[in-house]
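Taking it in order: structure first as structure tokens, then the write-up.
The values are calculated or read from the model by the stated rules, or taken from the named source; none is laboratory data. Computed from a predicted model, the values in this text were never measured in an experiment. All Cβ positions, even for glycine, are placed from backbone atoms using ideal geometry, and neighbour counts span all protein chains on display. Surface accessibility is based on the protein's heavy atoms, side chains included, excluding ligands, DNA and RNA. Shrake-Rupley method; radii C 1.70, N 1.55, O 1.52, S 1.80 Å.
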Amino acid sequence: MTARLTARELTLRYGDRVVSARLTLDVPDGAFTAIVGPNACGKSTLLRAFVRLLKPADGQVTLDDRDVTAYPTKALARSLGFLPQDPVAPEDIRVRQLVARGRFPHQSLLSTWSAADEDAVTAAMEAAGVEDLADRPVHQLSGGQRQRTWIAVVLAQDTPYLLLDEPTSFLDITHQYQLLELLGGLRDQGRTVIAVLHDINQACRYADHLVAMKEGRIVAEGAAADIVDAVLLKEVFELPCVVVPDPVTGTPMVVPLPGASS
Amino acid sequence: MSALVLRGGPVSVRVERRTVVLTAVLLTLIAGVGLLGLSYGATWSSPAKVFDALSGGRGGVVIREWRLPRVAAALLFGAALGIAGAIFQNITRNPMGSPDIIGLDAGAYTGALVAITVLSGTSVQLAVGSVLGGAVAAAAVYLLSLGGGLSGLRLVVIGIAVNAILMALNSWIVLRADLEVAIAAVGWSAGSLNGVDWSDVRLPFGIIGLLLVAMVVRSQALHQDALGTELAVTTGVGVDRLRLQLVVIGVGLTATVTAVAGPIAFIALAAPQIGRRLAKAPGVPLLPAALTGALLLQGADLVAQMLLAPVSLPVGVVTTAIGGCYLIWLLTKEVRRP
């Protein structure tokens, strides 16, 4: 698999606290990459560096061999779409209006609502299953509906790369799987999906490429079937467990052992 | 919710029907209070006489040279203050983060006072002094609230404190000034349009016009910024540059108005929020803020002229009386907010 989006020798830090040092990652193109790891292992930080929200202290993130910081802001936003963990909606905004905000990188001073904008917004709302909520104020929605609305915002941005920070949080189990199926479908259409996921079993099941992180380092990466075993889980999550094949997909499934939390 | 979509060639735009209707209604009301302002004076003029004067008829000197600049100033300054308020309320994400509350008016007025007491007080000196004063006040508020970020109550509370200090400083400057200068300054300290004529407003109108054009160019990015820094950046807004530009525009508008009319309080605070509620639009929309500001200031100026006629009150007295009540209501609501 080829990579157009890469992190090269990346050192990331907040103030004096170094999160990652000399981290290198090639994001396989047209694949679903899941980043897993314990809390505060630097998954979100890495994602933020990819979308230029965090300036690397050293090293670089490149897209098509060009440093992402060298792209004009709007041009990069037409390539990389990002959904943060806890986005805020402007007061009194309705679902359709919020989803339309995803079109900003495609708009100009004179063109703020082209036919392409309208089609992309409609398609994004349908894909995320929020078309029936189009005229509802976002603040009145349930947590799950709101999360799906945000997904639609990023889909409307219509980027070849989708980076999502824990997109399944706030969703019930049905909607979690619907979202993962949706992301899988987008990958099948040729888009590159990079998601930070909490649930290791979901990550194993849906991701083509799994990246396991701990303390800012990449401990292992590759297809889930090749890398996920009890040894890795012990190392990354400090979780005693057995790994069995998922009865439906055959992908690795993690079953924690009793007394694992102690 | 219905919307109008206009497309032709490279141009495309979507407008909520409610915004179109609201704009038409506000423009009609503005035309009404504007006409009233042109008719009102020591002697009432009939609308026919006003139109005759506007089209250059004889005997229209009072209307053209006295009333018209005052009405034009009230409308344009009101719109400028409304926009400035909307800018800062958007940046701070707080309905109280408006330039008159966080000390920018007071700072601009300090600059203007220095220009008339230390220098000779020409209109260019006043304009430059006001802009510098407003910019210094904005920088002070920003630096003092660093760590708390641009948003939130922290910046507002620090702004209120800076405002109080600057008002005290302004009083001190007036007390120390020569009697003549002090009398001129006091009449103006509440914010007043009394005696405004064309020579006072030509330069400010030009500056405000340029700043409003700049604002139109950046308005979409301003609204995109309301999604929060993360999504604003990843959807293509250069937020650092945008926010700097917005602060420059907001301070420029506030200071330009203050240089001519003194610190007219509460228009910038109230107009954007009234406009937002009328338009039912997301965030703090700019056009309703501008139109509401123009309507409020011209309306307040009419009240100021009529209340104790023939004595004309400073318009700031009226806006402060009305706006003060609004601020109390807003404060009680904000403090209760989690």
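Values as computed for the structure displayed
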item	result
The range B:178-326 - Debye-derived log10 I(q)/I(0), Cα point model, q = 0.11, 0.16, 0.17, 0.20 Å⁻¹	-0.51, -0.96, -1.05, -1.30
Computed over the range A:87-158: relative contact order in percent, which uses C-alpha pairs under 8 Å that are six or more apart	50
Protein accessible area in chain A, 1.4 Å probe - carbon and sulfur %	49
Minimum 20 Å² accessible area buried by the other protein chains, the range A:65-98 residues, probe 1.4 Å, relative to alone	A:73, A:77, A:82, A:84, A:88, A:90, A:91, A:92, A:94, A:96, A:97
Where Rh is the Kirkwood radius over Cα pairs, Rg/Rh for the range B:1-156	1.10
Kirkwood Rh in Å, taken over all unlike Cα pairs in the range A:1-99	15.0
Rg [Å, one decimal], Dmax [Å, integer] - the range A:87-158, C-alpha atoms	11.3, 35
Estimated distance in nm for a label pair at residue A:24 and residue B:5, the labels positioned 7 Å out from Cα along Cα-to-Cβ	4.9
Proportion of all alpha-carbon pairs of the range B:182-263 beyond 22 Å (%)	42
Cα-projected label distance for residue A:109 with residue A:255, points at 7 Å along beta-carbon direction, nm	6.5
Most fluctuating residue given options B:13, B:25, B:118, as computed from a GNM of chain B linking Cα atoms under 10 Å	B:13
Share of pairwise Cα separations in the protein assembly as shown, more than 45 Å, in percent	30
Amide H contacts under 5 Å for residue A:3, placed H, 5+ residues apart	A:29
Most mobile of A:207, A:225, A:152 in a GNM of chain A (Cα contacts under 10 Å)	A:225
Residue A:123/residue A:66 FRET efficiency (R0 30 Å; Cβ-Cβ; nearest 0.05)	0.55
Heavy-atom accessible area per residue - chain B, 1.4 Å, Å²	44
Solvent-free Debye scattering, log10 I(q)/I(0), computed from the Cα coordinates of the range B:260-314 at q = 0.22 Å⁻¹	-0.80
Length-normalised contact order of chain B in % [C-alpha pairs under 8 Å, at least 6 apart]	27
Cα gyration tensor shape for chain B, rounded if a/c is under 1.5, else prolate or oblate	oblate
Distance in nm between pseudo-label sites at residue A:244 and residue B:55 (7 Å out along the Cβ direction from Cα)	9.3
Percentage relative contact order, the range A:19-147, counting C-alpha pairs under 8 Å, at least six apart	19
Segment residue B:161-residue B:213, length gained on full extension (0.36 nm per residue, minus Cα span)	15.5 nm
Where the range A:87-158 is the region considered: accessible area per residue in Å², 1.4 Å probe	38
Accessible area buried, both sides summed, chains A and B with 1.4 Å probe, Å²	3000
Projected area averaged over orientations for the range A:88-243, convex hull of C-alpha atoms, nm²	10.9
Per-residue [θ]222 nm for the protein assembly as shown (sum of -39500 (n - 2.57) over DSSP H runs n ≥ 4, rounded to 500)	-17500 deg cm²/dmol
Listing of the range B:275-292 residues, each with accessible area lower by at least 40 Å² in the full protein assembly than in the chain alone (probe 1.4 Å)	B:276, B:282
